[in-house]
1. Consider only pairs whose beta carbons are under 9 Å apart and that are at least six residues apart or on different chains; among these, list those whose first residue lies in the range B:147-159 and is in contact (Cβ under 8 Å) with a residue 24 or more places away in the chain and whose second residue is polar (S, T, N, Q) and buried (at least 18 other Cβ atoms within 10 Å of the Cβ).
2. A:Asp50 fails exactly one of the following numbered conditions: (1) away from chain B (no Cβ under 14 Å); (2) more than 30 Å from B:Leu220 (Cβ to Cβ). What is the number of that condition?
3. Say we look at the range A:1-52 and pick out the residues that are assigned to a loop (DSSP other than H, G, I, E, B) and β-branched (Val, Ile, Thr); which of these is nearest to A:Ser84 (Cα to Cα)?
4. Starting from residues that are of a type in the set (A, V, I, L, M) and surrounded by 21 or more Cβ atoms within 10 Å (Cβ to Cβ), keep the ones in the range B:155-186 and report whichever is farthest from B:Lys207 (Cα to Cα).
5. Would you check if there is a residue in the range A:71-82 being assigned to a helix (DSSP H, G or I) and either in contact with a helix residue (DSSP H, G or I) (Cβ under 8 Å, 6 or more places away or on another chain) or free of Cβ contacts under 8 Å to residues at least 60 places away in the same chain (or both)?
6. Does the range B:232-260 hold any residues that are among the hydrophobic types (A, V, I, L, M, F, W, C) and under 18 Å from B:Lys61 (Cβ atoms), and which are they?
7. Could you list, in sequence order, the residues of the range B:145-160 that are in a helix (DSSP H, G or I) and under 16 Å from the mean Cα position of the chain (by Cα)?
Amino acid sequence: MNKKYIITGLVVFVIVVLSPFWFNLVTKTQAAPEPELSAKAKEAKKCVLDKYEMRANHMSLLDEWRDSVVRDADRMYTAANGHSFTMSLSTGENSCLGCHEDKAKFCDSCHDYASVDPYCWECHTNPKEIE
Amino acid sequence: MMKKSRRSFLRVAGIAAVGLGAAPAMNFAASDSHGTAKPMKTKNKKALTAHRWGMVIDTNKLNDEIVENIIEACHIAHNVPDFDHEVDEEKYPDTRPVNHKQEVKWIWDEHFHSAFPDKEDEFLAEKFKHLGFLVTCNHCKNAPCVQACPTQATFKREDGIVLMDFHRCIGCRFCMAACPFGSRSFNFRDPRPFIPETNADFPTRSKGVVEKCNLCAERLAKGEQPHCVEASQGAIVVGDLEDPESEVRVLLNENYSIRRKQSLGTEPSVYYVV
């Protein structure tokens with residue numbers, strides 16, 4: 001007697017519960033953007049850590065760098081791969097932005113996609129933006 | 001049909017165990033032989049170092065023009081906002097009107113009676129009455145701001161510089177209340193619209209952060225003298241107070257000098273030759 005109510009109820013329930021999946025099937029998902037390397041970064045080939053570690057841990061590295069620069073006045077970083085860098089986000093040729101010249105394509109594209117909003121740039125300046 | 005004896009089973013199991021154990025050991029040995037060097041953090045070879053940085057200001061060598069140059073050099077280099085600067089409406093639309101009582105300063109000139117309230121004599125030499133005394137953070141030996149800071153954003157570096165980690169400042173302003181010299185300024189608003197020319201070599205600050213003189217730690221690290229010293233035409237000397245041979249100690253030895261509010265016991269590291 002109640003069979004048809006139960007079945008329709010179940011069908012509706014399943015459709016509703018799985019709605020995120022249906023939604024994803026219908027809409028196109030955006031592919032994660034690849035950070036675009038500047039010509040200079042491509043040429044240099046070696047970053048501070050290897051690519052995957054950099055992707056996962058650059059924020060911890062920057063945090064470590066900040067403490068080292070501000071607290072201990074140690075400003076040079078000799079990486080495990082033998083290259084040395086100035087521990088700075090944006091000042092000088094040997095800093096992060098010194099090599100990864102295009103902040104919008106390198107930092108912002110991923111940060112926007114991942115919806116993270118680091119407040120680095122409230123104080124640190126992008127030398128390209130100043131000119 | 002294959003029938004395993006206990007002996008053959010044990011033999012295979014033994015070999016397998018050795019094999020399993022060998023893989024991690026081999027990997028370990030292999031990674032060791034690669035010799036992955038530990039990353040190192042070091043100072044620039046040219047960096048200037050001291051046991052305790054101090055400053056000697058020879059007031060006889062100062063005049064209005066030099067004082068102005070010094071202030072300008074410091075404030076431009078460190079992106080210190082000037083609230084009299086006209087805001088670029090295109091770049092920063094909707095900037096609230098300015099309260100001109102606000103100021104942010106790292107080094108500035110002060111009258112003798114304000115800078116040295118405890119040394120105000122009845123018949124003070126006439127020249128002191130008009131001279132602009134350059135005052136800045138004293139980088140005290142017993143810095144009260146360091147004790148007041150609840151987050152250790154202000155701290156005393158090993159070489160005596162009282163430094164701020166702007167990242168950690170929560171804007172509570174305890175340090176401003178603690179500092180007897182008024183050396184600290186608070187950013188009541190975003191300073192960027194009021195920076196005439198942003199210097200790319202130094203960050204700006206953000207709203208809600210205290211700031212003050214850092215004795216040009218970023219320049220000492222590169223082996224350069226602070227901006228004020230360079231602009232002072234010899235009136236300001238910065239050096240190691242604990243080295244008897246240093247230029248500052250020689251100057252202090254040869255001249256009579258005073259310090260600000262010495263009776264408070266903060267032991268300022270800025271000396272004035274008068």
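Each reported figure results from applying straightforward, stated rules to the coordinates on display, with no laboratory input. Quick caveat, the model's predicted, so the values are computed rather than measured. Every residue, glycine as well, gets a Cβ built from its backbone with ideal geometry; the counts of neighbours run over all protein chains shown.
1. Pairs that qualify, where the first residue is in contact (Cβ under 8 Å) with a residue 24 or more places away in the chain and the partner is polar (S, T, N, Q) and buried (at least 18 other Cβ atoms within 10 Å of the Cβ), are B:Ala148/B:Thr154.
2. (1)
3. A:Val48
4. Looking at the filtered set, the residue picked out is B:Ile161.
5. Checked the range A:71-82: at least one residue is assigned to a helix (DSSP H, G or I) and either in contact with a helix residue (DSSP H, G or I) (Cβ under 8 Å, 6 or more places away or on another chain) or free of Cβ contacts under 8 Å to residues at least 60 places away in the same chain (or both).
6. B:Ala235, B:Ile236, B:Val237, B:Val238, B:Val248, B:Val250, B:Leu251, B:Leu252, B:Ile258
7. Answer for the range B:145-160, where residues must be in a helix (DSSP H, G or I) and under 16 Å from the mean Cα position of the chain (by Cα): B:Cys145, B:Val146.
Conditions (1) within 7 Å of another protein chain (Cβ to nearest Cβ); (2) over 29 Å from B:Thr151 (Cα atoms), marked per residue:
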site: A:Arg66; (1), (2): yes, no
site: A:Arg75; (1), (2): yes, no
site: A:Ala79; (1), (2): yes, yes
site: A:His83; (1), (2): no, yes
site: A:Phe106; (1), (2): no, yes
site: A:Cys110; (1), (2): no, yes
site: A:Trp121; (1), (2): no, no
